Amino acid sequence: MKEALPTFVRRSLGNRIAVIKNPFVPRDLSKHTKHACICSQRRIVACGRLVEIKGYDRLLRAFKIHESSFPEYSLFIIGDGPERDRLQELCSDLGIEQKVTFHGHSKSPLHEMSGASMGVVSSRSEGFPNVILEMMYAGVADIVSTPCTESISKIEGVHVAEDLSVEALAEQMRICAKKPSNNSLIYASYLREEHSMEVFASQVVGHRVSMPSDFQLPSLD
């Protein structure tokens with residue numbers, strides 16, 4: 001986005017562009033009244049709108065591979081969208097409908113993700129997937145992601161697939177399952193040091209620059 005912005009304005013911005021990380025506003029999980037989804041099996045969670053760019057079709061195919069070696073795992077998908085019927089049909093075709101739960105839209109996704117063994121981001125492309133921050137705050141033990149954006153590979157404790165293929169995603173899920181770890185403390189530290197409201201405010205102040213008086217974004221019409 002930083003690289004693309006200058007092409008949309010009417011004059012050079014020079015060094016006036018700064019990238020500031022998304023802030024995360026914490027919410028108190030104790031205020032939620034629903035019980036967390038606790039399964040006797042190990043639980044993998046994914047959360048987001050059920051649209052093609054989120055790559056849930058690839059997640060289901062990767063989970064099929066994963067489940068064949070680790071049958072104790074189940075997959076819990078939070079969210080709704082136009083792809084839901086197609087994805088449920090794919091579950092049936094893959095023979096994993098008994099292991100996959102489509103929870104639908106949730107007003108408390110943090111609570112639903114709380115304490116999961118693994119969280120997976122399967123997107124084909126992202127600016128930055130805020131759901132990763134939500135998984136971290138919810139105490140998900142391990143997080144796996146596709147390389148949907150460059151910055152993910154720089155986050156300690158996040159297992160990033162080699163490419164966007166089903167096989168690469170399944171391989172990272174396998175690695176996590178074969179040697180489970182709990183990165184929740186690492187994730188909590190990352191949230192505090194990189195995405196807290198205090199850090200966001202200091203970055204805004206530190207990068208504040210004066211824009212040219214005639215600066216304007218192009219019309220969207």
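Residue check: I44 meets all listed conditions (1) at pLDDT 75 or above; (2) closer than 30 Å to A161 by Cα; (3) outside any strand (DSSP E or B) but one, namely (3).
Count of segment 64-91 residues, restricted to those that are over 29 Å from P180 (Cβ atoms) and either assigned to a helix (DSSP H, G or I) or free of Cβ contacts under 8 Å to residues at least 12 places away in the same chain (or both), is 4. The number of residues in segment 139-148 that are under 12 Å from the mean Cα position of the chain (by Cα), small (G, A, S) and in a loop (DSSP other than H, G, I, E, B) comes to 0. Residue pairs whose Cβ atoms lie under 6 Å apart, separated by 6 or more positions or on different chains, with the first residue in segment 1-21 and over 18 Å from F200 (Cα atoms) and in a loop (DSSP other than H, G, I, E, B) and the second modelled with pLDDT of 70 or more and not small (G, A, S), are L13/P6.
Just one of (1) over 23 Å from P23 (Cα atoms); (2) touching a residue at least 24 places away in the same chain (Cβ under 8 Å); (3) among the polar types (S, T, N, Q) fails for Q98. It is (2).
With respect to being of a type outside the set (F, W, Y), surrounded by fewer than 21 Cβ atoms within 10 Å (Cβ to Cβ) and over 14 Å from I44 (Cα atoms), E83 fits the description. Just one of the listed residues (L59, L50) is outside any loop (DSSP other than H, G, I, E, B) and not acidic (D, E), and it is L59. Within segment 149-172, restricting attention to residues that are in contact (Cβ under 8 Å) with a residue 60 or more places away in the chain and under 17 Å from V45 (Cβ atoms), which residue is farthest from the chain's Cα centre (by Cα)? Among them, the one singled out is A170.
Quick one: would you say P180 is surrounded by 11 or more Cβ atoms within 10 Å (Cβ to Cβ) and at pLDDT below 80? No, not satisfied.
The values are calculated or read from the model by the stated rules, or taken from the named source; none is laboratory data. Note that the coordinates shown come from a computational prediction; the quantities given were computed from them, not determined experimentally. Counting neighbours? That spans all protein chains shown, and the Cβs are built from the backbone with ideal geometry, glycine included.
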